[in-house]
Amino acid sequence: MEKKTLKKKSYEVAAALENRSHKVRYSDSVENGSIIFSLSGVAFLLMDSRECFMSAEETFLAKIEKFINIHQNSFLVLSAALHGPEEWKLMFRIQQRFLGSNLRILPVHNTGNAVNLMCTIAKITSKSYIDSICYRMITTKAYIIEQSPVWKTLQKIKLSSDTFNPN
């Protein structure tokens, strides 16, 4: 039953990604339930909290460990209809086990929530988006320096202090 739940969830996420014009490829070399965005180098492992509760702890922890050893920029997408005390304890155990690793945990409630988070993270970690942000920051910094009265005042103070500075 747990594998059917995961496969159904993976299929729903893959279908939702395809509806958003993302190419979804399947491979036997990646962990079942993995979604990889190759352009941004980010990987997501989809797990249902019920699957974790129904399997032995070492089984799903081994799956997570294998996943983070393969993927440098990795996220665990932990799905639950409601994140109650048991689900938060599960996330805490996973965080404790992988403390210091490159794993980040994303609690989600449904397929739409998971897809939105995955697409947002993939978008903001893609090289073209990062380059765009860097360009905007440089442009904004230049504008602030050129237009800001505070910067103009600081420049005047610096210039006037340089005239009195014997060095």
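All of the numbers you see were taken from the coordinates with simple rules; none came from a lab. Model, not experiment: these values are computed from the prediction. Positions of Cβ are backbone-derived with ideal geometry, glycine not excepted, and every protein chain shown enters the neighbour counts.
Summary of values
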read-out: Antiparallel content of DSSP bridges confined to the chain, in %, to 5; value: 25
read-out: Size of electric dipole in the chain: Cβ of Lys, Arg +1 and of Asp, Glu -1, about Cα centre, debye, nearest 20; value: 420
read-out: Helix-only CD estimate at 222 nm, as mean residue ellipticity for the chain, using -39500 (n - 2.57) per DSSP H run (n ≥ 4); value: -20000 deg cm²/dmol
read-out: Residues whose placed amide H lies under 5 Å from that of N73, excluding near-sequence neighbours; value: A43
read-out: Label-point gap, in nm, between I70 and I145 - each point 7 angstrom along Cα→Cβ; value: 4.6
read-out: Taking the chain and dividing mean pair separation by its residue count, relative contact order in percent (alpha carbons under 8 Å, at least six apart); value: 21
read-out: L46 long-range amide H proximity, modeled H, under 5 Å; value: S34, I35, V77
read-out: Residues M137, M47, M91, sorted so that the one with the fewest Cβ neighbours within 10 Å comes first; value: M137, M91, M47
read-out: Unit charges at the beta carbon, dipole of the chain: most positive-side option, Q155, T125, N69; value: Q155
